[in-house]
Amino acid sequence: MSSATKTKTPSVSTVKTSKHLIADLSHYLGKYWKDTIYTWAFVFGEVILEILIAFFLQNLVRAIENSDPSSLYLWSGIMAGMAIGAAFCGIMAGFFAASAASGLGHNLREAMYRKIQDYSFENFDKFQASSLVTRTTTDVTNVQFSYMMSIRIVIRAPFMMLFALVMSFVTSWRISLIFLAVIPVLLFLLIVIANQAHSYFVRIFDTYDELNEAVEEDVDGIRVVKSFDRKNYHVGKFNRISDYIYENYVKVERLLSFNSPIMQTAVYGCILLVAVLASQEIVKNRGAEGALDTAALSTLFTYVMMILMSLMMVSMVYVMLTISRNSSERILEVLNEKPTIVTPEGAVTEVKNGAVDFDHVSFHYQGGPDVLHDVTLHFHSGETIGITGPTGSSKSTFVSLIARLYDPSQGTVKVDGIDVRKYDLKVLRDKVAVVLQKNTLFTGTIRDNLRWGKEDATDEEIWKACDLAQASEFLKTFPKGLDTPIEEGGTNVSGGQKQRLCIARALLKDPKILILDDSTSACDTHTDSLIREGLRSNRPDVTKFIIAQRVQSIKDCETILVFDEDGNIVANGNHDQLMETCPVYRDLYNSQVGGGDFDAN
């Protein structure tokens, strides 16, 4: 069974959040509270005017029955003026409701995006990228639309129903008792239907995450998909998820389709009862003072429609709120998530050197076993450390602790003798530059991308960094040079070119510690050698951590760490020492260079 067919059980925090949705979301209205209040004021005026129009309708009918032109013109003018006023109030209510809802959507998207920027890697482990995209787009749109409708109808419908009930009782309290019998039953049925629909919407919106993930994965890996001719597999996967969404939408729409017949039954039933009972009362009490007449009956029919249409509006809003309830919960999950890594109070704002200490450091991902085990190591400032080991041996995790992308589960990681948790995050990450194997270039020019390392970098500084990263040679072949546009994801440059640009970007930060996480894997061995030589001769004071599968990339490092598949450091030393004492390293070296001891440089 596809994971799309499984219903996720709301967590305790989600249930708690759902009880406070309105209060929590209202914090993000900001200055748009004013527009919300204006909406309510104009809706209130619209309702009052429409109720008065219905009430004065009986005077107009009586003027017609009595052939009284002066009264006819008077009440026609009054009612026309009220109709114009009601229309104006309706237009203004719509204007301010749209402004308030759009403002709420804007503030929610901005707040979510800012919050996501503060997330640590541990926070990102809880949310899929596709889920975050859905929450900042589809879910916010649902909440925005529901808010726009609800601030008009939630005020309009109850007031309309209340005033219509009061005026109907003023007109004929005996006939109006019908409404008191019908309204509670109708509300109960509509609420039951909406509550049943909520569980389907939970499944649907959770499955949207999987749908977006399937599309994102297919588009990102389209070259691999086509090279392996896996189109049918991905189309089938997409269709299964899409079919599941379709099936649940059909079920929920079938459920919600009961709203209309229930409302129509109530409306026509009330009209029929009012017509029968009112007709009997008119015939029975004809001519009596204060008795119900045909003019008052026409007003009662208007009140029937007002009351029951108000209930219809309430049911529509309730359905919309049911849809947006799940979206609201998902939005608040993002907004209420606490970043696990933050800058402490009184943070250290200077990194003087690149000395690194691991003091009895262990680490595990949330809910999992330790992947690093009691690591104690010291690295001098300016030292070059090579790291190798099989895939999945926690090499990247090890260096991520230095930049505080994760915090250790136990023990302490120090830079310049100070616990990394005491540093200002921006200061620390400016001085600990990380270049990943699968690094990213962003839409813009090459110059724009490189200036991520230093916003005000001059062209001279940029070219110097590019020289060290061995990027200048190919950049000079581009007609536009540094102004060459980069397409989304850097798809218009090769893997090796992308890696060298990312290294140059990191060097522009003028770091004290440089981490190259298999970031020359797409470069040929000669270019790799030139990059290492450039760093060695031009940045001798920078502590360099080089993760590589190629032994030749780390052979000349002063210290080499060898990881096993369980995340243990089984050996450390220089190349010669490891060749003598570490069978794992020796076998890896011999398998790559064929047993010959040659220097690729």
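Tabulated data for the structure shown
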| read-out | value |
| --- | --- |
| Test: LEU277 is more than 32 Å from the chain's Cα centre (by Cα), at pLDDT below 80 and assigned to a loop (DSSP other than H, G, I, E, B) | no |
| Residue check, PHE201 among the hydrophobic types (A, V, I, L, M, F, W, C), crowded, with 18+ Cβ neighbours inside 10 Å and more than 21 Å from VAL47 (Cα to Cα) | yes |
| The listed residue being without any contact (Cβ under 8 Å) to a residue 12 or more places away in the chain and among the β-branched types (Val, Ile, Thr), out of ILE222, ILE241 | ILE222 |
| Pairs with Cβ under 9 Å, 6+ apart, first in region 538-551 and more than 21 Å from ASP357 (Cβ to Cβ), second of a type in the set (Val, Ile, Thr) and part of a helix (DSSP H, G or I) | ARG550/THR525; VAL551/VAL593 |
| Any chance ILE341 is outside the structural domain of VAL551 (by TED's automatic domain parsing), of a type in the set (A, V, I, L, M) and in a loop (DSSP other than H, G, I, E, B) | yes |
| Test result for LEU514, farther than 17 Å from SER393 by Cβ, in contact (Cβ under 8 Å) with a residue 24 or more places away in the chain and within 35 Å of the chain's Cα centre (by Cα) | yes |
| Selected residue (only one of SER242, SER227 is hydroxyl-bearing (Ser, Thr, Tyr), more than 26 Å from GLU333 (Cβ to Cβ) and either modelled with pLDDT of 75 or more or over 24 Å from the mean Cα position of the chain (by Cα) (or both)) | SER227 |
| Within region 139-152, considering residues that are aliphatic (A, V, I, L, M) and either in contact with a Ser or Thr (Cβ under 9 Å, 6 or more places away or on another chain) or not in a helix (DSSP H, G or I) (or both), the one farthest from LEU335 (Cα to Cα) | ILE151 |
| Per-region count, region 445-464, residues among the aliphatic types (A, V, I, L, M) and either loosely packed, with under 15 Cβ neighbours inside 10 Å or touching a Cys at 6+ places or on another chain (Cβ under 6 Å) (or both) | 0 |
| Criterion (of a type in the set (Val, Ile, Thr) and under 18 Å from the mean Cα position of the chain (by Cα)) met by exactly one of ILE116, ILE155 | ILE116 |
| Yes/no for ARG500 being assigned to a helix (DSSP H, G or I), under 18 Å from SER537 (Cβ atoms) and assigned by TED's automatic domain parsing to the domain that holds THR520 | yes |
| So PHE474, is it surrounded by 13 or more Cβ atoms within 10 Å (Cβ to Cβ) and within 24 Å of GLU533 (Cα to Cα) | yes |
| So ASP357, is it assigned to a strand (DSSP E or B) and of a type in the set (Asp, Glu) | yes |
| Hits in region 522-565 - residues which are in a helix (DSSP H, G or I) and of a type in the set (Gly, Ala, Ser) | SER529, GLY534, SER537, SER553 |
| Residue tally, condition of a type outside the set (Ser, Thr, Tyr) and either surrounded by 17 or more Cβ atoms within 10 Å (Cβ to Cβ) or not assigned by TED's automatic domain parsing to the domain that holds ILE48 (or both), over region 116-132 | 4 |
| Number of the condition not met by LYS352 [criteria: (1) under 19 Å from the mean Cα position of the chain (by Cα); (2) charged (D, E, K, R); (3) not in a helix (DSSP H, G or I)] | (1) |
| Residue that is assigned to a helix (DSSP H, G or I) and either at pLDDT below 85 or surrounded by fewer than 20 Cβ atoms within 10 Å (Cβ to Cβ) (or both), where the choices are LEU162, LEU104, LEU108 | LEU162 |
| Subset of region 348-394 [of a type in the set (D, E, K, R), closer than 17 Å to PHE563 by Cβ and surrounded by 15 or more Cβ atoms within 10 Å (Cβ to Cβ)] | ASP370 |
| Region 483-503, residues that are small (Gly, Ala, Ser) and either surrounded by fewer than 20 Cβ atoms within 10 Å (Cβ to Cβ) or touching a strand residue (DSSP E or B) at 6+ places or on another chain (Cβ under 7 Å) (or both) | GLY489, SER494, GLY495, GLY496 |
| Residue satisfying condition, being closer than 19 Å to GLN117 by Cβ, of a type in the set (A, V, I, L, M) and within 28 Å of the chain's Cα centre (by Cα), within set VAL427, VAL435 | VAL427 |
| Neighbours by Cβ (under 6 Å, 6+ apart or cross-chain): first from region 249-264, assigned by TED's automatic domain parsing to the domain that holds THR207; second of a type in the set (S, T, N, Q) | LEU255/GLN196; ASN259/SER315 |
| Of all residues making up region 436-471, the number that are modelled with pLDDT under 90 and within 26 Å of THR388 (Cβ to Cβ) | 5 |
| Lone unmet requirement of (1) buried (at least 16 other Cβ atoms within 10 Å of the Cβ); (2) farther than 16 Å from VAL413 by Cα; (3) not hydrophobic (A, V, I, L, M, F, W, C) for GLU345 | (1) |
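The values are calculated or read from the model by the stated rules, or taken from the named source; none is laboratory data. Note that the coordinates shown come from a computational prediction; the quantities given were computed from them, not determined experimentally. In this analysis, Cβ positions are derived from the backbone assuming ideal geometry, glycine residues included, and neighbour counts consider all displayed protein chains.
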